[in-house]
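Asker: Would you mind keeping the following structure in view while I ask a few things?
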Amino acid sequence: MANTLRPALAAVANAVPQGSRVLDIGCGDGALLAYLRTARNVQGHGIDVSATNVATAVARGLSVVQGDADTDLADYPDNAFDVAILSDTLQAMKRPGHVLDELLRIASAAIVSFPNFGHWRVRAALGFGGRMPVTSTLPISWHETANIHFCTIDDFRALVAQRGYQITSSAYLAGGQPRGALLSNLLAEQAVFALSR
């Protein structure tokens, strides 16, 4: 079933411990939660800003509510979950540092994935073409994207350190395939980090 998930979601799923209580923030249509329920026996809940996504997830039998991660995470109690997931959503948050704080308040661990704006193709598009890139991991033109905070892998590591959290594991992808950590800020298109307090 893992092959039904896109590569970045499969990398996120691999970081979720069996039987965890999970909150998937920005869960989309619930594909990851549905997979985790079946393959990892998780007790999953989700939140998404899109009513269409919420309806699709609920139709799959998932516990998903409509909400905005920038404001509605405050409604969840401390330590309500084992794992909070933020997949390809960090760059669309108004206050990414605050969202990280909320993730690790409501769960003892967080898994965060994001497109790496430090990838060499992004750098080349800006440096040589003078335009914001459109790539396989950033497929939408700058004026149509929800992305408001572009970050690199090194930027994210610095934010985590500044907030006083620990990186417990990481995974990097290029072309949808796993790659090593060496030169990941330059060569990885996508990153997945597991964090703890």
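Asker: What are the residues in region 62-76 that are in a strand (DSSP E or B) and either among the hydroxyl-bearing types (Ser, Thr, Tyr) or within 15 Å of ILE106 (Cβ to Cβ) (or both), if any?
Answerer: Residues satisfying the conditions are SER63, VAL65.
Asker: Still on this structure, I have one more. Just one of ASP72, ASP88, ASP82 is touching a strand residue (DSSP E or B) at 6+ places or on another chain (Cβ under 7 Å), closer than 25 Å to THR4 by Cα, at pLDDT below 95 and not polar (S, T, N, Q); which is it?
Answerer: Working: ASP72 fails: closer than 25 Å to THR4 by Cα; ASP82 fails: at pLDDT below 95.
On inspection, the qualifying residue turns out to be ASP88.
Asker: Do you know which residues across region 77-112 are among the acidic types (Asp, Glu) and either over 21 Å from LEU9 (Cβ atoms) or part of a strand (DSSP E or B) (or both)?
Answerer: Residues satisfying the conditions are ASP78, ASP82, ASP101, GLU102.
Asker: Among what's in region 1-50 and is acidic (Asp, Glu) and closer than 20 Å to PRO96 by Cβ, pick the residue that is nearest to the chain's Cα centre (by Cα).
Answerer: The qualifying residue nearest to the chain's Cα centre (by Cα) is ASP24.
Asker: Which of (1) crowded, with 19+ Cβ neighbours inside 10 Å; (2) free of Cβ contacts under 8 Å to residues at least 60 places away in the same chain; (3) polar (S, T, N, Q) is the odd one out, the single condition THR89 does not satisfy?
Answerer: The single condition THR89 does not satisfy is (2).
Asker: Taking the condition of being crowded, with 22+ Cβ neighbours inside 10 Å and either basic (Lys, Arg) or part of a loop (DSSP other than H, G, I, E, B) (or both), how many residues in region 29-61 meet it?
Answerer: 2
Asker: Would you say PHE117 is in contact with a Leu (Cβ under 9 Å, 6 or more places away or on another chain), among the aromatic types (Phe, Trp, Tyr), modelled with pLDDT of 90 or more and not in a strand (DSSP E or B)?
Answerer: Taking the combined requirement at face value, the residue does not satisfy it.
Asker: Another question, if that's okay. If only one of ALA74, ALA107, ALA80 is within 16 Å of ILE25 (Cβ to Cβ) and surrounded by 18 or more Cβ atoms within 10 Å (Cβ to Cβ), which one is it? Talk me through it step by step, then tell me what you get.
Answerer: Working: ALA74 fails: surrounded by 18 or more Cβ atoms within 10 Å (Cβ to Cβ); ALA80 fails: surrounded by 18 or more Cβ atoms within 10 Å (Cβ to Cβ).
Within the list ALA74, ALA107, ALA80, the selection yields ALA107.
Asker: While we're on this one: Just to be sure, is LEU5 surrounded by fewer than 22 Cβ atoms within 10 Å (Cβ to Cβ), within 19 Å of PHE193 (Cα to Cα) and of a type in the set (A, V, I, L, M, F, W, C)?
Answerer: Yes: the conditions hold for LEU5.
Asker: GLN162 versus (1) touching a residue at least 60 places away in the same chain (Cβ under 8 Å); (2) surrounded by 14 or more Cβ atoms within 10 Å (Cβ to Cβ): which is the lone unmet condition?
Answerer: (2)
Asker: While we're on this one: LYS94 versus (1) in contact with a His (Cβ under 9 Å, 6 or more places away or on another chain); (2) on the phi > 0 side of the Ramachandran plot; (3) among the charged types (D, E, K, R): which is the lone unmet condition?
Answerer: Among (1) in contact with a His (Cβ under 9 Å, 6 or more places away or on another chain); (2) on the phi > 0 side of the Ramachandran plot; (3) among the charged types (D, E, K, R), the lone unmet condition for LYS94 is (2).
Asker: Only residues that are in contact (Cβ under 8 Å) with a residue 40 or more places away in the chain and either surrounded by fewer than 18 Cβ atoms within 10 Å (Cβ to Cβ) or not in a strand (DSSP E or B) (or both): list them for region 165-187, please.
Answerer: Passing the criteria: TYR165, THR168, SER169, GLY176, GLN177, PRO178, SER184, ASN185, LEU186, LEU187.
The values are calculated or read from the model by the stated rules, or taken from the named source; none is laboratory data. Please read all numbers here as calculations on a predicted model, not as lab measurements. A quick note on method: Cβ atoms are made from the backbone with ideal geometry, for glycine too, and the neighbour counts reach across all protein chains shown.
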